[in-house]
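Q: Take this structure first; my questions come after.
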Amino acid sequence: MSRKRKVITSYSEPATVDRIGECPDSLLVHILSLLPIEDAVRTQVLSKRWQLLWTFLPSLLFRSPLRYPVFNDDDSDDEDFRVASSDEFTAFVDKTLMFSNSKVEKFEVGFEYEPRFASSVDSWTWFAAGKGVEELHLQLWPDVFDLHEDERYELPQILYGNSKFRELLFSCCRVIPKGNVAWYSLKKLSIGYVNLSSDVIEKILAGSPVLEMLELHHCEGFRRLSVTNSCVKKLILRDFLCNGDEFGSGLEISAPYLLSLEMSGGLGRSCRFMNVSSLVDAVFNCQFVCAEQDRANDTERIQDMVRGLLASLVHVKNLMLGAWAIEVLSIMEAKGLSCPLLECECLTVHTQINKHVLLGIASILKSTPNLERLAMTLSLFLLEYNRLVTA
């Protein structure tokens, strides 16, 4: 007689697997680098392992406004956030930099600057130089619009002699190199809201032998831009306005090795190209800005400038024209003034379709016999040029 065996089966909860905890530190640091800096620093409270992970971030990007958590008074776990003040922002940057334990490849600061923060910004720039930072962005927006030039932050001289930089971006600073510039590894340079003399620009370009891209926006103080460095292939110019006695002063551009040129935003001075013989791609999406009472008097000068610019771009293969240029061409066409004959093969027209641009579109099409591709994109802004200037 056989015995029946009683089989007892036990069930247990499946073991919880900590997938994040199994990741190597290098992967966790990479994940932290994708977070806003304040959130990355906040992970130090998770566990002992996480306590120092954030100190190995290769990129430190401090962008105002920072968000600070504010817990509700009740027993819920809900969090609200408040925006950090400028004092809290600078204190946060100072403290974070003190704990940085690794090489920093990219360092960025953007906040509302006041002169009383100059010493803190000095320490940040020294940090960048000491850590061998390759990408440095300093955007020091004034807390008041009319901050005097002397109250703006002056870049320390140590930055001009740093040959490690590969990308630099400065906004609302004073750029005054007192010695030679030694940006021997610099590939990209962007400068905005800065008064630049022709001598300073020349010194910067001379000290940046491998520079490939130069961007200048909202810059004043110079009337000639000569880019003779054969490595510079792209030039971006945005919002070249004028103040006081500079109004109407011309800007001459010479860049014989340039391949790509972009001009956009407000244009408050006449502009002409002296030598852009290698240019292949050009974007001209500007609008001339001047006092309303001066518009009628500037009609002929504006037409001559647009015609002269297009005459300098006859050899360009890829051309983009904005709404303002098309409206000026419409006025010229109505007066029997034709657009220069262009060798353009690819044309992009960025404008609204209305009665003010039809003649201009027809004019540019007649002037591009080699055209192979035409693209039209709609502008969201309606210009008033034709209605304020008598054709």
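The values are calculated or read from the model by the stated rules, or taken from the named source; none is laboratory data. Computed from a prediction, not measured in an experiment: that's the story for all the values here. Here Cβ is always computed from backbone atoms with ideal geometry, including for glycine, and neighbour counts include all displayed protein chains. Heads up: the accessible areas ignore ligands, DNA and RNA and are worked out on the full protein's heavy atoms, side chains in. Shrake-Rupley method; radii C 1.70, N 1.55, O 1.52, S 1.80 Å.
Q: If a residue must be part of a loop (DSSP other than H, G, I, E, B) and either of a type in the set (D, E) or buried (at least 17 other Cβ atoms within 10 Å of the Cβ) (or both), how many such residues does region 188-206 contain?
A: So the answer is 3.
Q: Test W183 against the stated conditions and say whether it is out of contact with any Leu (no Cβ under 9 Å at 6 or more places or on another chain) and either in contact (Cβ under 8 Å) with a residue 60 or more places away in the chain or more than 17 Å from S254 (Cβ to Cβ) (or both).
A: no
Q: Hey, any hits in region 27-45 for a residue that's in contact with a strand residue (DSSP E or B) (Cβ under 9 Å, 6 or more places away or on another chain), surrounded by 13 or more Cβ atoms within 10 Å (Cβ to Cβ) and small (G, A, S)?
A: For region 27-45, residues in contact with a strand residue (DSSP E or B) (Cβ under 9 Å, 6 or more places away or on another chain), surrounded by 13 or more Cβ atoms within 10 Å (Cβ to Cβ) and small (G, A, S): present.
Q: May I pose another question? Identify the single condition in (1) modelled with pLDDT of 95 or more; (2) under 28 Å from the mean Cα position of the chain (by Cα) that A375 does not satisfy, given that it satisfies every other one.
A: For A375, the failing item is (1).
For (1) modelled with pLDDT under 90; (2) among the basic types (K, R); (3) part of a loop (DSSP other than H, G, I, E, B), each residue gets a yes or a no:
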position: K6; (1), (2), (3): yes, yes, yes
position: S12; (1), (2), (3): yes, no, yes
position: H30; (1), (2), (3): no, no, no
position: P65; (1), (2), (3): yes, no, yes
position: S76; (1), (2), (3): yes, no, yes
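Q: Follow-up question, since we're still on this one. Quick check on region 136-166: of everything there that is closer than 18 Å to V210 by Cβ and either touching a residue at least 60 places away in the same chain (Cβ under 8 Å) or out of contact with any Leu (no Cβ under 9 Å at 6 or more places or on another chain) (or both), which residue is surrounded by the most Cβ atoms within 10 Å (Cβ to Cβ)?
A: By that ranking, first place goes to Y160.
Q: Every residue in region 275-303 that is of a type outside the set (S, T, N, Q), farther than 22 Å from L365 by Cβ and modelled with pLDDT under 90, please.
A: F288, V289, C290, A291, E292, D294, R295, A296, D298, E300, R301
Q: Can you name every one of the strands (runs of 3 or more DSSP E) wholly within region 253-362 that holds 1 or more residues which are touching an Asp or Glu at 6+ places or on another chain (Cβ under 6 Å) and open to solvent by less than 40 Å² (accessible area, probe 1.4 Å)?
A: Where strands (runs of 3 or more DSSP E) fall fully within region 253-362 and carry at least 1 residues being touching an Asp or Glu at 6+ places or on another chain (Cβ under 6 Å) and open to solvent by less than 40 Å² (accessible area, probe 1.4 Å), they are 260-267.
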